[in-house]
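Report on the following structure.
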Amino acid sequence: MIKKYILKNSIGEVAGLIKDICGEISGFIDEANVNLFAAALYEVAINAIEHGNLGISYETKKEWIEKNIYHEKLAELLKTEAAKNTFVEISLEIENGYITLIVRDEGEGFKPQKAIEKIKQEDFMRNSGRGMMMMKSYFDEIKYNETGNSITLLKKIK
C-alpha cells in the first residue's frame with residue numbers, strides 16, 4: 001500500500017495530516033508506538049515547512065525564540081508568495097515488514113551530518129534541533145537524499 005499526501009505550508013494542517021497517517025499505520029504497530037511515530041512525524045513535517053520551504057536557519061530560529069518574536073516572524077513568512085507556492089510531499093508505504101515515510105520539501109536542503117554534530121555539541125538544552133535526535137531514536141533507519149531536502153524514515157513492523 002502506498003499513499004501520497006501534499007501538505008501546504010500551514011502549521012495548522014500538520015496535526016490533521018498526522019492523524020490521517022496514524023490512522024493508516026495503527027493496525028501495524030501498537031498504540032504507544034503510534035504516538036511516538038506521530039511525535040516524530042510532527043517534527044519532520046514542521047522542519048520541512050520551517051527550515052525547508054521557508055528557509056529559516058537554526059541560528060535565525062534560535063534568535064527569534066530568544067527575542068520572543070518567533071511566532072510573529074513565522075506568521076509573516078507563511079503569508080509570502082514563496083510559502084503559498086511550495087509544498088511538502090509525504091509518501092507512506094507499508095510493505096515488506098516496514099512502514100516507510102518519505103518527506104520532501106522544496107527547500108535548498110541541508111547537510112544532515114553537520115547538523116547532527118552541532119546538536120551533539122550543544123546537547124538537548126538547545127531551543128531547536130531535538131527532532132533529529134528523536135527521529136534517530138525512534139526509527140530503525142533514516143536516509144537523506146544528497147541535497148538534504150528529502151528524508152526517508154523506516155520503521156520495522158513487529
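Between LYS158 and MET134, the FRET efficiency estimated from the beta carbon spacing at R0 = 22 angstrom works out to 0.65. Among the trypsin sites (Lys or Arg not before Pro) in the range 6-70, those placed in a DSSP loop whose Cβ has at most 13 other Cβ atoms within 10 Å are LYS67. Relative protection proxy for 98-110, 27-39, 46-58, from highest mean packing down: 46-58, 98-110, 27-39 (other beta-carbon atoms within 10 angstrom).
Taken about its Cα centre, the range 1-72 carries a charge dipole of roughly 220 debye when the Cβ of each Lys and Arg holds +1 and the Cβ of each Asp and Glu holds -1.
Each reported figure results from applying straightforward, stated rules to the coordinates on display, with no laboratory input. Every value quoted in this text rests on a predicted model; they were computed, and no experiment measured them. Virtual Cβ from ideal backbone geometry, glycine too; neighbours counted across all protein chains shown.
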